[in-house]
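First comes the structure, then the notes that go with it.
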Amino acid sequence: MTRLWNEPADFADEMIDGFVAANERYVRRVPGGVVRSTVSPAGQVAVVVGGGSGHYPAFGGLVGPGLAHGAAMGNLFASPSTQQVYSVAKAADNGGGVFFSYGNYAGDVLNFDAAQERLRAEGIACETVTVTDDIVSATPADKHNRRGIAGDLTVFRIAAAAAEAGADLAEVSRLARLANERTRSFGVAFTGCTLPGAVEPLFTVPEGRMAIGLGIHGEPGIDETDIPTADALAELLVERLLAEVPDGVEVAGARVVPILNGLGSLKYEEMFVVYRRIAQLLTDAGLELVDPHVGEYCTSFDMAGTSLTLFWLAGAGEESELAPLWDAPVDTPAYRRGSVAPQQRVLVTDATADLVAEIPDADEASRAAAQTVLAAVRTIVDTVDTHVDELGRIDAIAGDGDHGIGMQRGSHAALAAATAAVDAGAGARTTLARAADAWADKAGGTSGALWGVILNAVAAKLADEGRPDAAAVAAGVAAGSRGVTDYGKAEVGDKTLVDALVPFSTTLTGAVDSGAGLTDAWRAAADAATRAAARTAELLPRMGRARTHGQNSVGTPDPGAISLALIVTAIAETLAAETRATDDNEKESANA
């Protein structure tokens, strides 16, 4: 279990601050993560990696000469937000374009892609290669949907070595794709991991048993068996990986880099015992072992487990493009190979401060509506706080268990932003837009991105003049529903938030069009969302992290759909209370 923290919600930020304080020769803090504290040549492609915190040395520990130029570091097990990725990439850019690489997870894809499009719109060339090395997370025919685990290291290192050698963005991307195609991983776990402040681990494995095919975010394995001997585990790992060799590679005579990765609690001595047999088996299969790695390269907090990665440098007799790049020197806080020449430190002459955008003018009616927006956001916070443990429990069954925590971080940030906006005299539109941006930035992950889309879409249909009517609110929710499906690509039936959002929006619009007031229409729509969220228990997930463990989630509703249903139901009561208060005030004014 994790033992040391202050406030769980502050853990990731405090961890990054401490990491930077301990490694200033390598990294400096920027909003959203870290970048090199040393000078990179002008025109060099900037390699930017990233993902959720909790996987050290991935991702900040891999920033330095010979490896990444920057790392976007999200909250625990949650992807960095679009703003965080954008901020790190801007700070890392050397004028040669930005190359992004990260594990293939839904939230990371959403946020990195959005940041990439923003950078491209500013004239900064960008390319992306997602890491898809985990062989149990999809079939070979569907390998583009696989998730990234410890194979991140091979793709990052090849891309960075190519950039250091002066390759342009297209060539860096090509070599990274080749490295990803030549990388395969397979892992097991003996215990789950426990996030700071959590009472229970994200998943458990019965005493004396081993989960097969785990994910690095606490996703449970796809199978379970008795804990084998060290030799038997080595045989399992090697057998699974040699059953899927990259296209065009013959095993006999091939050169391969074996990486035995510890996931947090497994002792190095245990891994050495396992690797002893791995080396024997690979050698007996006719492989030439190059630069073996045994250690922690991509962890999962305190999870006890290990994964084996095989990075196929070249087949027998093949002239390898990858081998010279793999041999290039690297010097980072957590990973060193060869000898890197002394580096010049970056001279930071002006610390970049976040600029506080000016609050647009608002009339009295819109400022009054902003109070209702604030009350609704406060209701969201209260609802999430009440149900945070249950949302985490649902998510842990087939996801990664952090949905409640992410919703809590996002909603609390939204409340702080909305409160500051109202205190500054903002109208309804500005108040909700500030809350939306704060939610997306602080929560990160898939849910953070999607709630940012929803709230910003509603805000866009409001105004800072006048009081919005029911039609404007319904139009905003409809725009948010379309935005989520366009942005996240999920459809009704995929077992996501969309399964509750679409019927909520459809019912709300229909009721308003039929002449219902906002409170009555919202209540009817909330009922529809609640029924739809419950029905997700029957579905197999087709999107998100739960997709790879689909059967595990049958019988349990989708946490994103449930949280939306809980929130809109609670907001219905807030709207009713606000309506009663407004009616009472109008009666008092009429009688005065």
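The values are calculated or read from the model by the stated rules, or taken from the named source; none is laboratory data. A quick note: this is a predicted structure, and the numbers were derived from the prediction, not measured. Heads up, the Cβs are rebuilt from the backbone with ideal geometry, glycines too, and the neighbour counts pull from every protein chain shown.
Here are the numbers:
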item: Search result, residues across segment 154-180 that are of a type in the set (D, E, K, R) and out of contact with any helix residue (DSSP H, G or I) (no Cβ under 8 Å at 6 or more places or on another chain); result: GLU164, ASP168, ARG174, ARG177
item: Residues that are surrounded by fewer than 24 Cβ atoms within 10 Å (Cβ to Cβ) and either modelled with pLDDT of 95 or more or assigned to a loop (DSSP other than H, G, I, E, B) (or both), drawn from segment 64-85; result: PRO65, GLY66
item: One residue from ASP247, ASP226 being loosely packed, with under 15 Cβ neighbours inside 10 Å, touching a strand residue (DSSP E or B) at 6+ places or on another chain (Cβ under 7 Å) and farther than 16 Å from LEU308 by Cβ; result: ASP226
item: Single residue of ARG337, ARG277 found to be touching a residue at least 24 places away in the same chain (Cβ under 8 Å) and assigned by TED's automatic domain parsing to the domain that holds LEU241; result: ARG277
item: Failed item in (1) touching a Cys at 6+ places or on another chain (Cβ under 7 Å); (2) assigned to a strand (DSSP E or B); (3) not aliphatic (A, V, I, L, M), with PHE301 passing the rest; result: (2)
item: Residue list for segment 295-327, filter: aliphatic (A, V, I, L, M), surrounded by 19 or more Cβ atoms within 10 Å (Cβ to Cβ) and modelled with pLDDT of 95 or more; result: LEU308, LEU310, LEU313, LEU322, LEU325
item: Hits in segment 117-145 - residues which are part of a loop (DSSP other than H, G, I, E, B), touching a Lys or Arg at 6+ places or on another chain (Cβ under 7 Å) and not acidic (Asp, Glu); result: THR132, ALA138
item: Any hit, segment 33-44, residues being in the same structural domain as GLY151 (by TED's automatic domain parsing), closer than 24 Å to THR191 by Cα and touching a Lys or Arg at 6+ places or on another chain (Cβ under 7 Å); result: no
item: Tabulated pairs, segment 65-93, first hydroxyl-bearing (Ser, Thr, Tyr), second part of a loop (DSSP other than H, G, I, E, B), C-beta under 7 angstrom, 6+ apart or interchain; result: SER79/TYR105; SER79/GLY444; SER81/GLY444; SER87/PRO31; SER87/GLY32
item: Qualifying positions in segment 167-176 - surrounded by fewer than 17 Cβ atoms within 10 Å (Cβ to Cβ) and touching a residue at least 24 places away in the same chain (Cβ under 8 Å); result: ASP168, ALA170
item: Hits in segment 413-447 - residues which are within 14 Å of ALA78 (Cβ to Cβ) and touching a helix residue (DSSP H, G or I) at 6+ places or on another chain (Cβ under 6 Å); result: ALA413, TRP439, ALA440, ASP441, LYS442, ALA443, GLY445, THR446, SER447
item: Residue among GLY61, GLY107, GLY96, GLY148 that is more than 30 Å from ILE212 (Cα to Cα), among the small types (Gly, Ala, Ser) and outside any strand (DSSP E or B); result: GLY96
item: Search result, residues across segment 43-60 that are modelled with pLDDT of 95 or more, crowded, with 24+ Cβ neighbours inside 10 Å and more than 21 Å from ASP113 (Cβ to Cβ); result: GLY60
item: Meets criteria (under 25 Å from the mean Cα position of the chain (by Cα) and within 17 Å of GLY151 (Cβ to Cβ)) for GLY192; result: no
item: Residue selected from segment 29-39 under the condition small (Gly, Ala, Ser) and at pLDDT 95 or above, by the criterion nearest to ALA125 (Cα to Cα); result: GLY33
item: Among the residues listed as VAL388, VAL384, VAL377, VAL373, the single one being surrounded by fewer than 21 Cβ atoms within 10 Å (Cβ to Cβ) and either of a type outside the set (Gly, Ala, Ser) or assigned to a helix (DSSP H, G or I) (or both); result: VAL388
item: Only one of THR579, THR485, THR536 that is surrounded by fewer than 17 Cβ atoms within 10 Å (Cβ to Cβ), in a helix (DSSP H, G or I), among the polar types (S, T, N, Q) and at pLDDT below 95; result: THR579
item: Test: residue in segment 18-25 that is part of a loop (DSSP other than H, G, I, E, B), closer than 21 Å to GLY95 by Cβ and polar (S, T, N, Q); result: no
item: Which numbered condition SER40 misses (of (1) assigned to a loop (DSSP other than H, G, I, E, B); (2) surrounded by fewer than 19 Cβ atoms within 10 Å (Cβ to Cβ)); result: (2)
item: Those residues of segment 151-173 which are assigned to a helix (DSSP H, G or I) and either in contact with a Phe, Trp or Tyr (Cβ under 8 Å, 6 or more places away or on another chain) or more than 24 Å from ALA92 (Cα to Cα) (or both), in sequence order; result: ASP152, LEU153, THR154, ARG157, ILE158, ALA159, ALA161, ALA163, LEU169, VAL172, SER173
item: Complete set of residues in segment 499-517 that are in contact (Cβ under 8 Å) with a residue 60 or more places away in the chain and buried (at least 18 other Cβ atoms within 10 Å of the Cβ); result: ASP499, ALA500, LEU501, PHE504
item: Within segment 110-141, considering residues that are within 20 Å of ILE212 (Cα to Cα) and of a type in the set (D, E, K, R), the one surrounded by the most Cβ atoms within 10 Å (Cβ to Cβ); result: ASP133
item: Pair list, Cβ < 8 Å and 6+ apart or interchain, from segment 312-324 residues that are under 16 Å from VAL245 (Cβ atoms) to residues that are surrounded by 15 or more Cβ atoms within 10 Å (Cβ to Cβ) and of a type in the set (Ser, Thr, Tyr); result: TRP312/THR183; LEU313/SER320; ALA314/SER320
